[in-house]
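Have a look at the structure below, then the notes.
The values are calculated or read from the model by the stated rules, or taken from the named source; none is laboratory data. This structure is a prediction, so every number in the text was calculated from the model and none was measured. Cβ placement follows ideal geometry from the backbone for every residue including glycine, while neighbour counts extend to all protein chains displayed. Just the protein is used for accessible areas: all its heavy atoms, side chains included, with ligands, DNA and RNA removed. Shrake-Rupley method; radii C 1.70, N 1.55, O 1.52, S 1.80 Å.
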Amino acid sequence: MGVSPQETEEVPAKRAKLDDDYHAQPIKTKEAQVEPVIKKMSEYKITELLGQGEDGKTVFTKGIISGLEGPAVVLFETNSIDLEKVKMFLSEQSAIKLTMNNDIFNIFQLDPPTGTNSIKTTVIHPATPKLINKFTMKPSYFVTETAEMYERITRPYILNHLEDHKWVYNILEGKAEQNRFVTQVDDEKEGFVLVADLKWDMTTMENLYCLAIVQRRDLYSIRDLDQTHLPMLRQLQETCLTAIKEKFGVPRSLLRVYFHYQPAYYHLHIHFAHIRYQAGAPVIGKSVALNDVVQNITLSNEYYKNATMVYYIKDGHALSTELDKHNVIVRE
């Protein structure tokens, strides 16, 4: 059992940079000058309803944008969404305003016709097959991954699928999402950036959700961590918890701090979520507490190199396809 956040060793923050006015309007950065990928929702035509979020607040769609090549994924999010009413958003009367752009990710504020709520609309274009699959409702299966399986199947898969995470690098280099910047430590070995996740409106504190992204590009998941990384992990946790308290008034006792395994993308990152944020709740087969990781590698340097990890994976995921080649997933 891991220690609680408030029991974590105090580590002096170094070179931490705080943006004090988080309620300020988006600053004039390169992202604010990008031409919107879509100007009217009527330009978007749905070709497939991919599914609905578990919380019932989001609908995932696939479609095409007039004048642009390649598919798009558009997410519509509100307090409650009826699948049958999605087409109402695609009216000439709908007004949209670009609020953020980072690589293929475009966040709009959509104001549909009178009588419907304002909708947070995320436009991803061009949408890769991996992203389309991510938002498509499919069954998931648990996988018990031994150290031998990781070295034989998973690690080669990771090394063969290291995509150019341009949107991640844009954040690390200060080229995107600077209006969502919380704090950072600029250091070649121990540096990181903490940003408010796009799922959070930065207003409703009970939905607080931030991501700490490490600067190093040779760390893909917790499998790569050992005792040499303890200073980085402790520094990151203390700096981020302190920054969140100073910036948003949320104490560390109300925050979940964890990794995902398997992660959504293979660049080491850590989640900070309010304890009342249901979408950030711990999930068996996915969430691993940062405190547990620190404790485990403190006790054993090669803990995650040798550990058997249990996780769930969606049918159709590229890694799932690779596992199927080795008859790993039991479906019956």
| query | How many residues does the stretch 191-210 hold that are aromatic (Phe, Trp, Tyr) and open to solvent by 10 Å² or more (accessible area, probe 1.4 Å)? | reply | 1
| task | Looking only at the stretch 94-101, decide whether some residue is modelled with pLDDT under 90, loosely packed, with under 14 Cβ neighbours inside 10 Å and touching a helix residue (DSSP H, G or I) at 6+ places or on another chain (Cβ under 7 Å). | result | no
| message | Out of the residues in the stretch 232-264 meeting the condition of being within 19 Å of the chain's Cα centre (by Cα) and among the β-branched types (Val, Ile, Thr), tell me which one is least open to solvent (accessible area, probe 1.4 Å). | response | Ile244
| Arg223: within 23 Å of Val168 (Cβ to Cβ), among the basic types (Lys, Arg) and crowded, with 18+ Cβ neighbours inside 10 Å, yes or no? | yes
| field | Leu75 vs. criteria of a type outside the set (Gly, Ala, Ser) and at pLDDT 90 or above | value | yes
| query | Inside the stretch 58-72, can you point out the residues that are β-branched (Val, Ile, Thr), within 22 Å of Lys199 (Cβ to Cβ) and either open to solvent by 50 Å² or more (accessible area, probe 1.4 Å) or modelled with pLDDT under 95 (or both)? | reply | Thr58, Val59
| said: Checking the condition in contact with a Leu (Cβ under 6 Å, 6 or more places away or on another chain) and surrounded by fewer than 17 Cβ atoms within 10 Å (Cβ to Cβ), which residue from Ile284, Ile329 passes? | reply: Ile329
| request: State yes or no: is Tyr304 hydroxyl-bearing (Ser, Thr, Tyr), closer than 20 Å to Ile213 by Cβ, surrounded by 15 or more Cβ atoms within 10 Å (Cβ to Cβ) and modelled with pLDDT of 95 or more? | output: yes
| query | Name the pairs whose Cβ atoms lie under 8 Å apart, with the first residue in the stretch 265-278 and in contact (Cβ under 8 Å) with a residue 60 or more places away in the chain, the second open to solvent by less than 10 Å² (accessible area, probe 1.4 Å) and assigned to a loop (DSSP other than H, G, I, E, B), and 6 or more positions between them or separate chains? | reply | Tyr266/Ser221; His267/Leu219; Phe272/Leu208; Ala273/Leu208; His274/Leu208; His274/Val250; Tyr277/Leu208
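Each row is one residue, and each column tells you yes or no for (1) within 20 Å of Pro263 (Cβ to Cβ); (2) touching a Pro at 6+ places or on another chain (Cβ under 7 Å); (3) open to solvent by less than 10 Å² (accessible area, probe 1.4 Å); (4) of a type outside the set (Ser, Thr, Tyr).
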site	(1), (2), (3), (4)
Thr144	yes, no, no, no
Glu148	no, no, no, yes
Asn160	yes, no, no, yes
Asn170	yes, no, no, yes
Val214	yes, no, yes, yes
Leu219	yes, no, yes, yes
